[in-house]
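Right, one structure below, let's go through it.
Computed from the coordinates by the stated procedures, all read-outs in this text should not be read as laboratory data. Just so it is clear, the model here is predicted, and its values are computed rather than measured. Note that we place each Cβ from the backbone using ideal geometry, even for glycine, and neighbour counts take in every protein chain shown.
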Amino acid sequence: MTKLLIGGEQVESGSKETYEVRNPATGEVVDHAAKGTAKDVMQAIDAAETAFKEWSDVTAEDRGKMLTNACELIKEKSKEIAQLLTLEQGKTLFEANLEIHHLLHGLEFYAGLASKVRGSHVPLPQKNAYGMVIRQPIGLCAGIIPWNFPLTLMGTKLGPALAAGNTIIIKPASTTPLATLLCVEQIQKATYGEGKQQKSLPKGAVNVVTGPGSTVGEELLRNPRIRRIAFTGSTDIGRHVMEVAGREIKRITLELGGSDPMIVMDDANLDLAVKMADIGRFFNCGQMCLGVKRLFLHESIADKFISDLAELLKKKTVGNGMNKESRMGPLHMDYQRKEVEEQVEDAKSRGAKAVIGGERPKGKELDGGFFYLPTLLTDVPDDARITSEECFGPALPVYKFKDLNEAIEKANSSIYGLGSSIWTRNMIHANKAIDKLQAGNVWVNSLHYGYDELPFGGVKASGLGREHGPEALDYYLEPKGVVIVNV
Ligand code: NDP
């Protein structure tokens, strides 16, 4: 049974209640987690506020050193963390290890940036007066994390928060608390400084409160002592976060859903584009905010592209993520699978055809899990649910187009605007897509590999603010205007 991590200690939930964490591949119980309450959140707030007094006084260079050491400590347990992640989330071990790699890369990036934060000197229209802008940590932050990438999406919040001198409370998704807890246990042991000067990360600088969004999450949103909310999850809950946290004028960032278009022109490197369409849609069983969710193919290359992609998908072994030969695990929840099934059935009822997939795989060893075959849909009409809604699973609708203007117009017809890509060797086409696609990110002959160096986020219903890049640090710092007059 796991406990909450508050003030550097493992503590039981005040309610003493626990809940089951189940394996999406088998339905078996992996462990029991503490069901935190609003009171537990208040205890975590006390701990994080106390830690803030010490942590915000630590030099920026030492904050960076602590994060570097935290990465070393996570690496020591990476095998165990990856296994827990596969067991609780369902992703393959390969995907779990890649997620840890991304987590570490992100933390190392902010370890390096901690000491690079700059303010500015501002000329003022008064003699002997100096204007300055200094940038200070905000205080107590909260990170609310979804279940699809529990570790990397925790890192995108914890890294810049700590680098900037803040303290943080993490609320993992109810269904994926285990790998997060082990990771944070390691982070809590991190130190900075040499010999006798060596110090530890203050107890309470990072806290984890597991439990339901409706109680633990709500308290994080409502409690005025928390000044900053970083949320990743669905657009519906994102709207709620904005409303509730907005009442306390909290600083918020929202990383929400997406329905990324991938536009393939007739002059693209088609072999590469086929491979990337596979990865872009079916990695993590299609449960990616920035997954390729609508594939637009130029009519002259569409048929060959579809048949090449279908061939690739036929070879994909669907199975338990713990098995080495599995290339795609189950969906994370039964509810998620039903949602994808309904979207596929709706498209079929409107005339779409499943070139491949469109059903659950058969096999006794798969019966207990939430498996679904990789699915490719053609002849998908514009009024199908899978066209207008986000599809958070392994189904890819394909649309043919005659020219780039038509493709861009259709791509932009979504309420979402997270990622987007164009595949072409023609710079005029590439520039037009960069200019016209309504998205927080445009990739040319590439998909987002989670670059920590570049800002990442969405426009329209895909969110607010940015994670990754030096830009993310801005959301964890308050600028303070200072005037000094020499008298
Ligand atoms: P949810 O929005 O349901 O949950 C996200 C987190 O919010 C969970 O920790 C959840 O807790 C918590 N939560 C739920 N209700 C509340 C509440 N009332 N107050 C505060 N917190 C609450 O999303 P999913 O977990 O279903 O994740 C999938 C969605 O996330 C997809 O739509 C996907 O596109 C989006 N996403 C976006 C990303 C991006 O970067 N743009 C990245 C990854 C996912 P609990 O688990 O206890 O319900």
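Helix 334-349 sits at what angle to the longest principal axis of the chain, using alpha carbons and giving 0 to 90 degrees rounded to 10?
Orientation of helix 334-349: about 40 degrees from the principal axis.
Provide the percentage of antiparallel DSSP beta bridges, counting only those with both residues in the stretch 342-450; round to the nearest 5.
40 percent
Would you work out the Kirkwood radius for the stretch 186-231? I mean one over the mean of 1/r across all pairs of different Cα atoms, in Å.
13.1 Å
Using a Förster radius of 41 Å, what is the FRET efficiency between R350 and R247 based on their Cβ-Cβ separation? Nearest 0.05, please.
0.50
Sorted by average packing, counted as other Cβ atoms within 10 angstrom per residue and highest first, what order do 356-367, 335-346 take?
335-346, 356-367
Can you tell me, using C-alpha contacts under 8 Å and at least 6 residues apart, the relative contact order of the stretch 41-158 as a whole percent?
29 percent
Using the structure shown, select from K127/K480; K77/K196; K16/K91 the pairs with a Cα to Cα distance greater than 23 angstrom.
Too far apart for the 23 Å limit: K77/K196; K16/K91.
Do any trypsin sites (Lys or Arg not before Pro) in the stretch 99-185 lie in a DSSP loop with no more than 10 other beta carbon atoms within 10 Å, and if so, which?
R118, K127
Quick one: Debye curve from the C-alpha atoms of the stretch 1-147, no solvent, what's log10 I(q)/I(0) at q = 0.11, 0.14, 0.15, 0.20 Å⁻¹?
-0.63, -0.94, -1.04, -1.38
Please report, to two decimal places, log10 I(q)/I(0) for the chain at q = 0.07, 0.08 Å⁻¹ as given by the Debye formula with identical point scatterers on the Cα atoms and no solvent.
-0.39, -0.50
As an exercise, find the ratio Rg/Rh for the stretch 133-283 from alpha-carbon atoms, using the Kirkwood inverse-distance average for Rh.
Rounded to two decimals, Rg/Rh equals 1.08.
Using only Cα atoms and rounding to the nearest 10 degrees, what angle (0 to 90) does helix 150-163 make with the longest principal axis of the chain?
30 degrees
Rounded to the nearest Å, what's the spacing between the alpha carbon centres of the stretch 421-478 and the stretch 1-58? Just the number, please.
Using only Cα atoms, the two centres lie 34 Å from each other.
Return one number: the angle in degrees, 0 to 90 and rounded to the nearest 10, between the long axis of the Cα atoms of helix 427-436 and the longest principal axis of the Cα atoms of the chain.
Orientation of helix 427-436: about 60 degrees from the principal axis.
Quick one: what do you get for the stretch 15-95 if you divide its Cα Rg by 2.2 N^0.38 Å?
Dividing the Cα radius of gyration by 2.2 N^0.38 Å gives 1.50.
In nanometres, what is the gap between the two model label sites at K196 and H101, each 7 Å from Cα along Cα-to-Cβ?
4.4 nm
Any chance you could run the full-extension gain for R239 through K436? It's 0.36 nm times the residue separation minus the Cα-Cα distance, nm to one decimal.
Between R239 and K436, full extension yields 68.3 nm more.
At 7 Å along Cα-to-Cβ for each site, give me the label-to-label distance between E28 and K338 in nm.
Using points 7 Å along Cα→Cβ, the separation is 2.6 nm.
Over the Cα atoms of the stretch 348-487, compute the convex hull volume and normalise it per residue, giving Å³.
Cα convex hull per residue, to the nearest whole number: 200 Å³.
Modelling each spin label as a point 7 Å along the Cα-to-Cβ direction, I'd like the S413/A310 distance in nm, to one decimal.
Modelled inter-label distance: 2.4 nm.
Need the full-extension length gain, E478 to D403, defined as separation in residues times 0.36 nm minus the C-alpha distance. One decimal, nm.
22.4 nm
Roughly speaking, what is the stretch gain from E72 to K53, that is 0.36 nm per residue apart minus the C-alpha to C-alpha distance, in nm to one decimal?
Result for the pair: 4.3 nm of gain on full extension.
What fraction of the DSSP beta bridges in the chain is antiparallel, stated in percent and rounded to the nearest 5?
If we restrict to bridges inside the chain, about 50 percent are antiparallel.
Work out the FRET efficiency for A38 and N128 from their Cβ-Cβ distance, taking R0 = 60 Å, and round it to the nearest 0.05.
Result of the calculation: an efficiency of 0.70.
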